[in-house]
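Everything below concerns the one structure shown next.
Please treat every number below as a calculation from the coordinates, not as lab data. Worth saying up front: this structure is predicted, and the values here are computed from it rather than measured. Every residue, glycine among them, receives a Cβ derived from its backbone with ideal geometry; neighbour counts consider all protein chains shown.
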Amino acid sequence: MNPSPGEPPYEPVAPPASPDPARPPAPPGAVAAPPMYRAAEAFAPGDGLHWSPISGLHTLHRLLTALLWALPVGAVGGFLVWRNNGGAPGLVVWVLIVVVVVALAGIVAELDRRSYGYVERADDLVVMHGVFVKRLIVVPYGRMQFVDVTAGLLERWMRIATVRMHTAAAATDATIPGLPAAEAGLLRDRLAQKGEARSMGL
């Protein structure tokens, strides 16, 4: 179309975008909905996220702990069996029992290590664990009160640590054991920063 003298040139206007029928428009002043994590099963982080495992030293730590308990218990128990006329056969049976218990503790420790996993999502931390009863805990960053890192003598020697997230409700506290010390420190700082940002409404 040719413009008349003195009129601005004609510029076509793009038609307004048609709304997505699958998503109705949000009303004015509405708060954006939190992200949805679609999971194929109950114990999955959702949206293609993968569990971060804990260190294999967790199994060794649990096994060494069981062994350190078994040595004095085995020695005292063996002495009592020998003193009560159990003789060599009774002592051998007692030693076999202690060995089997330590071996079972090592197997359970490895299964526990494999069951542990955690994922840092946009608004919360998800922790899964459990050998006989599997449990999944979702800890919103805004609900965390404080994060602490602990390590006993054996853990410090093995350079691993445990990260604990504390909330107002003790039932929603989460623990991630068997992390390398450096990784535990980085995770502590990230969680503390996200928790502070959520509590300030950022």
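Observations on the model:
- Under 5 Å from the amide H of I160 lie the amide H atoms of A181, each residue being 5 or more positions distant or on a separate chain, with H modelled from the backbone and absent for Pro and chain starts.
- Shape of the stretch 117-199, Cα gyration tensor, a/c cut at 1.5: oblate
- Placing a label point 7 Å from the Cα of R198 along the Cα-to-Cβ direction, the residues of the stretch 129-151 whose backbone N falls under 19 Å from that point are 129, 136-149.
- On full extension, the segment bounded by W82 and R190 gains 33.3 nm, given 0.36 nm per residue less the C-alpha separation.
- Calculated FRET efficiency, H50 to F132, Cβ-Cβ distance, R0 = 22 Å: about 0.35 to the nearest 0.05.
- Interchain or long-range residues, amide H under 5 Å from L125's placed H: V139, Y141
- Where labels lie 7 Å past Cα in the beta-carbon direction, separation of V149 and A70 in nm: 3.2
- With K and R counted +1 and D and E -1, the other residues having a Cβ less than 9 Å from that of V149 yield a net charge of +1.
- The slack between R114 and L91, meaning 0.36 nm per residue of separation minus the straight C-alpha distance, is 4.8 nm.
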